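J.: The structure under discussion is supplied below as structure tokens; questions concerning it will follow.
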Amino acid sequence: MTDGPETPPPSTVAIGVISAATAFLIWGAGPIYWKLLGDVPALEILMHRIVWSFIFLAPLVLIRCRQELISTLQDRFSLIMLGGSTLMVALNWVIYIWAVTHDQVLQASLGYFICPLVNVLLGVIFLRERLRRVQMMAVVLAAMGVFYLTIHFGHVPWVALSLAISFGLYGLIRKTIATGALVGLTVETLLLFIPAVVYLFYLDRIGAGFFWRDGWRVSMILIGTILPTAPPLLLFTFGARRLNLSTVGILQYIMPSSAFMLAVFLYQEPFERAQLFTFITIWIALVIFSIDSVATGQRIAREDL
């Protein structure tokens, strides 16, 4: 007989749920923040997000995770892989910001609904993971929804698919290295810090940048781009360590659900029957996938007892 996974105390689980749910709520409410920068190009916003996030994260990591940071910077493989994840997260951020500032919040939320299922496919393709029959059914159902939307509107929902694929690849790359979330994000922003600063100085030199040129309000909002970036990551990391993976997997749907509610009810983006059909198929697929994951996890836990 082997010892099963130790069940955390209820108080620890409650703190973990509150922390992780708060992180996903902040990420889900992100469109409210990015809409404040509607006149600023998405690439410029991305550069500010990188610069100010690194300035915020660097002292924090030096105080809490200095040895892990040094080890990561000395590991060539980790740096190469983090270089790849940096490109993926930067692509994901700039597409998401562009989508929000161009009234495409619905597509953005669809992308993050699809993301868990994209992760499954990437695991099959690159990690040779095997899909259970129920998981395959969920993936096919989600694919049918996206295909129907493509046929109805006559074009591929590239925002949703780009967000899902870039974030899925980001997660796949990060899974290959042992670097923690906080140190990983710090190194990723470090790798882009100098190019970001150079780009922002260039914009200022040619008079095209918005920082300190369009009033203090926009400048403060640009500096504040760390708010939807670093704090929710810290909350997520704190909460995830106190929860089962299946619980985290279910909680993550708070983010795209929140964005969906904002798009439909606050920003009143066009929501036609084709989009409703697609979202319903995605939600059903996610419910099927989540129930199967939880049931499988519980069965494995009982077998280990």
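No value in this document is a laboratory result; all are computed from the given coordinates. Just so we're clear, the structure is a prediction, and the values are computed from it rather than from any experiment. Here Cβ is always computed from backbone atoms with ideal geometry, including for glycine, and neighbour counts include all displayed protein chains.
J.: Between Ala29 and Phe265, what's the calculated FRET efficiency when r is the beta-carbon distance and R0 is 22 Å? Round to 0.05.
T.: 0.95
J.: Expected output is a single nm value to one decimal: the length gained when fully extending between Arg76 and Ala295, i.e. 0.36 nm times separation in residues minus the C-alpha distance. What is it?
T.: Result: 74.9 nm gained on full extension.
J.: Ok, one more. Using a Förster radius of 22 Å, what is the FRET efficiency between Glu272 and His102 based on their Cβ-Cβ separation? Nearest 0.05, please.
T.: 0.75
J.: Would you please give the FRET efficiency between Thr150 and Ile63, computed as 1/(1 + (r/R0)^6) with r the Cβ-Cβ distance and R0 = 35 Å, to the nearest 0.05?
T.: 0.10
J.: Turning to a different aspect of this structure: Could you tell me which residue out of Phe147, Gly180, Val287 lies farthest along the dipole of region 10-304 toward its positive end? Charges go on the beta carbon: Lys and Arg +1, Asp and Glu -1, centred on the Cα centre.
T.: Gly180
J.: Eigenvalues of the Cα gyration tensor times 5, then square-rooted: what semi-axes does that give for region 104-176, in whole angstrom, largest first?
T.: Values for region 104-176, descending: 22, 16, 9 Å.
J.: What list of ³J(HN,Hα) values in whole Hz, one per residue of region 165-175 in order, does the Karplus curve 6.51 cos²θ - 1.76 cosθ + 1.60 (θ = phi - 60°) give from phi, with Gly and Pro shown as x?
T.: 5, 5, 6, x, 5, 4, x, 4, 5, 5, 6
J.: Which three extents, in whole angstrom, do the alpha-carbon atoms of the chain cover along their principal axes, largest first?
T.: So the extents along the principal axes, rounded to whole Å, are 66, 52, 37.
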